[in-house]
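Novice: My structure is below; once you've seen it, I'll send some questions.
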Amino acid sequence: MKDKFFNYIHQLQDTITSKLEAIDGKAKFQEDIWKRPEGGGGRTRVIENGNVFEKGGVNISGVHGKLPESMQKYFGVEDADFFACGLSLVLHPKNPMVPTVHANWRYFEMYPSTSLRPGEPRPIVDQWFGGGQDLTPYYLIDEDAKHFHNICKTACDKYNSEFYPKYKARCDEYFYNSHRKEARGLGGLFFDYCKKTDDMSMQNWYDFVTEVGDSFLEAYVPIVEKRKDLPYTQEQRNWQEIRRGRYVEFNLVHDKGTLFGLKTNGRIESILMSLPPHVQWVYNHHPKKGSEEERLIEILQNPIDWV
């Protein structure tokens with residue numbers, strides 16, 4: 001399963017980066033191949049200063065080795081080894097009318113730290129899939145939110161009609177800046193610890209996660225193409241940068257993926273590629289009453305159903 005999924009994310013990275021370069025029309029992804037001293041490595045691709053994308057990354061990694069003590073405590077295990085692989089992407093467009101987007105699809109295995117005879121297969125004591133995708137607009141265009149969520153729902157419904165409402169609710173709960181009492185964005189899907197059950201085999205979970213991964217471009221690209229050439233003012237650009245500050249706060253304060261990367265000695269440049277290049281923190285900032293900016297905040301404080 002790990003080899004199968006690792007091959008899938010390699011192919012998906014190629015598909016996504018090729019499409020995004022075509023949309024941007026100017027910037028190309030810079031690729032870095034890196035290795036982790038404790039085991040494994042990854043392929044980081046970053047785009048900067050384009051016509052459409054101010055900064056973005058589409059990264060894959062596959063790391064393995066001894067599970068750090070801090071993560072052993074987190075998972076409630078002792079002296080375990082692990083393998084983890086996944087694709088993680090964040091795109092920060094230049095135009096404030098185009099939403100930022102984030103997505104991640106990952107697979108994890110855990111093994112006992114015992115010596116094996118040569119050629120003896122390592123027993124898997126736990127395995128699961130996780131992932132999701134979410135939209136973070138700076139100006140709320142209802143049509144875009146509905147489109148994104150409809151694509152998410154369509155992918156989920158192919159496997160279980162209960163998946164979309166459950167994983168949409170988890171997304172709203174997870175991508176939440178509790179210190180601000182507001183969501184990071186308009187949500188989407190968030191699922192984790194997707195393990196074998198009577199209803200879902202690991203192959204079923206693989207099929208589901210790859211269905212969601214394959215739906216990403218359909219969910220995001222039409223929004224980009226509709227909004228990338230819209231006019232905007234410097235005031236709207238300032239608002240975008242203020243909201244980006246909230247994005248940074250979530251990633252550095254609450255995000256489990258960032259924590260896992262740092263705890264497992266991941267590559268810092270890859271872990272922090274999600275941070276936007278231009279950000280503002282304005283003291284005690286509040287949008288004008290009745291403005292589009294205020295409308296966005298109201299929705300972020302009270303998430304709604306989009307489908």
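The values are calculated or read from the model by the stated rules, or taken from the named source; none is laboratory data. If you're wondering where the values come from, they're calculated on a predicted model, not measured in any experiment. Backbone-built Cβ (ideal geometry, glycine too); neighbour counts: all protein chains shown. What goes into the accessible areas is simple: the full protein's heavy atoms, side chains included, and nothing from ligands, DNA or RNA. Shrake-Rupley method; radii C 1.70, N 1.55, O 1.52, S 1.80 Å.
Novice: Hey, does the stretch 260-271 have a residue that's surrounded by fewer than 16 Cβ atoms within 10 Å (Cβ to Cβ), in contact (Cβ under 8 Å) with a residue 12 or more places away in the chain and of a type in the set (A, V, I, L, M, F, W, C)? Don't jump to the end; show me each part of the working.
Specialist: Taking the stretch 260-271 first, the residues surrounded by fewer than 16 Cβ atoms within 10 Å (Cβ to Cβ) are 262-263, 265, 268-269.
Subsequent filtering for residues that are in contact (Cβ under 8 Å) with a residue 12 or more places away in the chain retains 263, 265, 269.
If we keep only those that are of a type in the set (A, V, I, L, M, F, W, C) too, we end up with none.
The answer is no, given that none of the residues of the stretch 260-271 is surrounded by fewer than 16 Cβ atoms within 10 Å (Cβ to Cβ), in contact (Cβ under 8 Å) with a residue 12 or more places away in the chain and of a type in the set (A, V, I, L, M, F, W, C).
Novice: Criterion first (of a type in the set (S, T, Y), under 30 Å from G65 (Cα atoms) and crowded, with 20+ Cβ neighbours inside 10 Å) does S274 satisfy it?
Specialist: On the way: of a type in the set (S, T, Y): yes; under 30 Å from G65 (Cα atoms): yes; crowded, with 20+ Cβ neighbours inside 10 Å: yes.
Taking the combined requirement at face value, the residue satisfies it.
Novice: A further question on this structure: Restricting attention to the stretch 161-217, report how many residues are in a helix (DSSP H, G or I), under 19 Å from V90 (Cα atoms) and among the polar types (S, T, N, Q).
Specialist: Result for the stretch 161-217: 2.
Novice: Related question: Answer with yes or no whether V63 is among the β-branched types (V, I, T) and touching a Ser or Thr at 6+ places or on another chain (Cβ under 8 Å). If you could, list the steps in order and put the result at the bottom.
Specialist: Numbers: among the β-branched types (V, I, T): yes; touching a Ser or Thr at 6+ places or on another chain (Cβ under 8 Å): yes.
So V63 fits the description; yes.
Novice: Only residues in the stretch 143-157 that are more than 22 Å from D207 (Cβ to Cβ) count as the first member; pair them with residues that are open to solvent by 60 Å² or more (accessible area, probe 1.4 Å) and assigned to a helix (DSSP H, G or I), Cβ under 8 angstrom, at least 6 apart or cross-chain, and list the lot.
Specialist: Sorted first by the residue in the stretch 143-157, then by its partner, the pairs are D144/K226.
Novice: Take Y159 and decide whether it is under 20 Å from K263 (Cβ atoms) and either modelled with pLDDT of 95 or more or more than 20 Å from the chain's Cα centre (by Cα) (or both).
Specialist: Taking the combined requirement at face value, the residue does not satisfy it.
Novice: Quick check on my filter: what residues within the stretch 192-211 are surrounded by 13 or more Cβ atoms within 10 Å (Cβ to Cβ) and among the hydroxyl-bearing types (S, T, Y)?
Specialist: Y206, T210
Novice: Would you call R122 surrounded by fewer than 17 Cβ atoms within 10 Å (Cβ to Cβ) and in contact with a Phe, Trp or Tyr (Cβ under 6 Å, 6 or more places away or on another chain)? Show your work before the answer.
Specialist: Values: surrounded by fewer than 17 Cβ atoms within 10 Å (Cβ to Cβ): yes; in contact with a Phe, Trp or Tyr (Cβ under 6 Å, 6 or more places away or on another chain): yes.
Yes; evaluated as a whole, the condition is true for this residue.
Novice: Then there is this: Where in the stretch 1-111 are the strands (runs of 3 or more DSSP E), entirely inside, with at least 1 residues that are of a type in the set (D, E, K, R) and open to solvent by 40 Å² or more (accessible area, probe 1.4 Å)?
Specialist: Answer list for the stretch 1-111: 30-35, 40-48, 53-66.
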